[in-house]
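Some notes on the structure that comes next.
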Amino acid sequence: MATTDTASLTIAELREFAGFSNAEQRYIKRSLDIGLGRQDAFKLWARTPDETSAIRSQYLLYQELKALRGEMAAGAIDHGGFDGIEQFMGTLIRLTAFDLAQERLSGFSAYRFLYERLLGAEVRPWLPSAFCAAAALPQIRPERRRGLLQSISEAAATAPGWSARAPTFYPEWVEKEAA
């Protein structure tokens, strides 16, 4: 039964990913390559000098993911208290703001999908507040700010609990075969 459940969850994740725009899918795969150290993102994803520059910036900023993972693994973030919250949330908001400012993620669903994979299931309770805080920053264009903030559902923003189930589907670059 566990295999069937895992297969069903993987299919649901595949369907969710398929519902994202091409730009969102590309950005998620590129970000996972950078954040998880899977591939050389410059070789796979840089098509223009601007993309090369954006990837370089993303590599530098994503170094902070290690600290967030460490804080989560060490239990430094208490879901019931406020100790250590400023460092954790400050870093998470800064990373989120960078990703939202790239204008490749159009809403909360794509953001959540990416960050669950970058940081694990344990980050789920923190994602709505980090997303809303980053989306509301003045560095995000006003019309984009509106769209981002409207993309988070009331259910996501006010969830009484979050699944601890780890993601199973991690999208990757697929080489096109010559015809």
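Any chance you could run the full-extension gain for THR6 through ALA121? It's 0.36 nm times the residue separation minus the Cα-Cα distance, nm to one decimal.
39.9 nm
Using helices alone, what [θ] at 222 nm do you get for the chain, with -39,500 (n - 2.57) per DSSP H run of 4 or more residues, divided over all residues and rounded to the nearest 500?
Computed ellipticity for the chain at 222 nm equals -18500 deg cm²/dmol.
Using a/c under 1.5 as the rounded threshold, could you call the range 1-77 rounded, prolate or oblate? The axes a ≥ b ≥ c are square roots of the C-alpha gyration tensor eigenvalues, and prolate needs a/b larger than b/c, oblate otherwise.
oblate
By how many nm would the segment from GLU51 to GLU103 lengthen if fully extended, with 0.36 nm per residue of separation less the alpha-carbon distance?
Using 0.36 nm per residue and subtracting the Cα-Cα distance, I get 17.5 nm.
Would you work out if the range 78-179 is rounded, prolate or oblate? Take a ≥ b ≥ c from the square roots of the eigenvalues of the alpha-carbon gyration tensor; rounded if a/c is under 1.5, else prolate when a/b is larger than b/c, oblate otherwise.
oblate
Taking the chain as the region of interest, what is the percent of Cα-Cα pairs per 5 angstrom bin, listed from the shortest bin to the one with the maximum distance?
So the P(r) values, bin by bin, are 1, 7, 16, 20, 21, 17, 10, 5, 2, 1, 0, 0.
Might you report the magnitude of the Cβ-based charge dipole of the range 6-113 about its Cα centre, with Lys and Arg at +1 and Asp and Glu at -1, to the nearest 20 debye?
With only Lys, Arg, Asp and Glu charged at Cβ, the dipole is about 460 debye.
Compare the Cα positions of VAL174, ALA136, LEU92 along the charge dipole of the range 60-179 (+1 at Cβ of Lys, Arg; -1 at Cβ of Asp, Glu; about the Cα centre) and return the one farthest towards the positive end.
Farthest towards the positive end: ALA136.
Taking the simple approach of a point 7 Å from Cα along Cα-to-Cβ for both GLU175 and ALA73, what is their distance in nm?
3.1
All of the numbers you see were taken from the coordinates with simple rules; none came from a lab. The structure displayed is predicted, hence computed values, not measured ones. Backbone-built Cβ (ideal geometry, glycine too); neighbour counts: all protein chains shown.
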